[in-house]
Amino acid sequence: MPQSVYYKLGEMLIKEGLLTQDQLDKAILAQKREGGRIGELLIKLEYVKEDDLAYALGKQLNIPYASAKSNLLRPVYDQKLENLIPKEFALKNIILPLSRNGNTFTCAIFDPLDLTLMDNLRKMTNCEIVPVIATKSDILRVTESFYGKSNLLKSAVAESYGLMDMAVEAEQKIDTSLSLDRITAIAEEAPVIKLVELIIRQAIDEKASDIHIEPFRNKIRLRYRVDGKLYDIPPPAKHMHLAIISRIKILAKLDIAEKRLPQDGAFAVRLEDRLTDLRVSIIPTVYGEKVVMRILDRSQVPLDFSSVGFESKQSEQFREAVTAPFGLVLLTGPTGSGKTTTLYAALNEVKDSTKNIITIEDPVEYHLDGINQVQAKADIGLTFASALRSFLRQDPDVILVGEIRDAETAEICVRSALTGHLVLSTLHTNDAPSAVTRLIDIGIEPYLLMPSLLLVVAQRLVRKLCLECKEAYELSEEEAREMNIHADLVYRPKGCVRCNHTGYKGRMPIIEMMKVDAKIRAMIGKRASFQEIRKAAVDAGMETLLQNGFRKVEKGLTSLEEVLSVTAGIEQ
């Protein structure tokens, strides 16, 4: 690698505050004595970290930097990349194939200035090479993982069509002819264990939030929910259905013999160095049992508001509310809009050894260190309301209630907020102002709500545009004026291999945050309509869901269509 590049790299590291001139001089002297690359010597001498060096080199060469933590160092598994670049060649040259798009081949490379390697890659792939720089350790770790499991699920699915010793003419015959012992034995055979493990593993690798396994007359449908949308995955053979469901029931400690009633359970899996919880729901359908597994990756639980996706002003306003000594803070929105995730971030913000924090949830999605979490069990009388009454005898400082579902729970929450407790909860309303009228409608007296309510946050999740393929276009003057969008260009999805041809990758929230000030409190006391409350909040500076979404469109983060789709039906 040309030394001039490294000299410039050294200057950049010094400019970034990652290296001193004295350290660079010592590394250059060591390089003259020992030979080798100066960058590796800087790491060996512990002057700089490996990822800092890779980032700075990428900046110097104008090449994107990718790390395993950022999820950018992630190969596309269905393009047979391992056939283009053999594992031995990848390990020897410290490279990782990432994707192929037409005549371009994206590849993570440790040394992007190795011209011989670049030429060999062009010849092997018959493509133009688009390099991405990454650290040696990241490339080697992901390479082992990629070549170890590439196409494993596809192979296991293909094998399932050949396992005819387990097949019968129809699932009805299985139910009547196989004993419970035989069903258990089949579920614990190696092919079934392998297949279920690979279905789960690939879903986690693809950042899916749910796995759906659905039986039909002559087939199984397997789908993953990624970024809020369901996508079909090549399914196993139909005769594997009973064995797969039974295996999942064994893992979740459910009743294998029960096929007529819904069942719920949970289990955990450890992949590499991370523990992932799976919540299982099974329901009977006319063609057999359908299972949905919700994936709860503990490593993905956000620890601060910036991880949740709040902007700085929103974070400041939310932090002010959740650090108040008492009062009620509400999160609103439909199921799957990220309310619980935001509440967990709030708990992490307020927890310390001087506070007693208790939650009542249904279900407990993530286990948080230092917080007392209680699972609601309505069948034995442990409801939100009954738990709340007990909580008040536990000397709590902060109480989290998973959801306000009825008047009794709402009243206890409000009264708790009035008697010196900070209460966090969720409510199903379309927007923030509607939360006030909803609580009054279910029986909360305005004189109780006025002094207790601090903040209402409405949120939705929108998909983020794929950075690799999003395309710019101009709005007409009429559209820009109508939607109050101030940007010369906005972006729309196009689709590429990196985003599975959807045009989107990942999600972020759009937020409507209503602070309950003196004017709104007075309006609550007069039982004002939510339209009147909304107008007062907007006049006080509240940004609506649609307005917040349009600002993210202006920044090129999401598309106009996406924002309009998730805010449809909300009065603006």
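The values are calculated or read from the model by the stated rules, or taken from the named source; none is laboratory data. Predicted, not measured: the structure shown is a model, and the values here were computed from it. Ideal geometry is used to build each Cβ from the backbone, glycine not excepted, and the neighbour counts take in all protein chains shown. Heads up: the accessible areas ignore ligands, DNA and RNA and are worked out on the full protein's heavy atoms, side chains in. Shrake-Rupley method; radii C 1.70, N 1.55, O 1.52, S 1.80 Å.
Here are some notes:
- Take each peptide in 392-399, 47-54, 91-98, count the other Cβ atoms within 10 Å of every residue, and average; sorted highest first, the result is 91-98, 47-54, 392-399.
- Take the Cα radius of gyration of the chain and divide it by 2.2 N^0.38 Å, N being the number of residues; the result is 1.13.
- Among the cysteines of the chain, those with no neighbouring cysteine Cβ under 4.7 Å are C107, C127, C413.
- Our note on the geometry: Cα centres of the stretch 426-469 and the stretch 343-415, 19 Å apart.
- Gain on full stretching of the segment that runs from T419 to A190 - 0.36 nm per residue minus C-alpha separation: 76.6 nm
- Where Cα atoms sit under 15 Å apart: lysine pairs in the stretch 432-550 separated by 8 or more or lying on different chains: 7
- Accessible surface, the chain, averaged per residue in Å² (probe 1.4 Å): 48
- Accessible surface of the stretch 310-431 [probe 1.4 Å, protein heavy atoms]: carbon and sulfur percent: 47
- Hypothetical label at A568: residues of the stretch 201-228 whose amide nitrogen lies under 17 Å (7 Å Cα-Cβ projection): 228
- Here the peptides 336-347, 202-213 are ranked by packing, the mean other Cβ count within 10 Å, and the order with the highest first is 336-347, 202-213.
- Take the Cα of L91, step 7 Å toward its Cβ, do the same at D205, and the gap between the two points is 1.7 nm.
- Taking 0.36 nm per residue of separation and subtracting the current Cα-Cα distance, fully stretching the chain between L230 and E40 would add 63.9 nm.
- In nm, spacing of pseudo-spin labels at D119 and T285 (7 Å Cα→C-beta vector): 5.7
- Relative contact order, whole percent, for the chain stands at 8, derived from Cα pairs under 8 Å and 6 or more residues apart.
- Cross-link partners for K194 among the lysines, with Cα-Cα distance under 25 Å and sequence neighbours closer than 8 places in the same chain left out: K80, K87, K149, K154, K173, K207, K219, K238, K249, K253, K259, K290.
- Cβ-Cβ FRET estimate between Q373 and S529, R0 fixed at 45 Å, reported to 0.05: 0.75
- In the stretch 193-282, the chymotrypsin sites (Phe, Trp or Tyr not before Pro) that fall in loop regions by DSSP, at most 16 other Cβ within 10 Å: F216
- Largest to smallest in accessible area, the residues L19, L29 fall in the order L29, L19 (1.4 Å probe, all protein chains included).
- In the chain, helices alone account for a calculated mean residue ellipticity at 222 nm of -12000 deg cm²/dmol, with every DSSP H run of four or more residues adding -39,500 (n - 2.57).
- Here the stretch 31-104 exposes an accessible surface that is 48 percent carbon and sulfur, computed with a 1.4 Å probe and the other protein chains kept in place.
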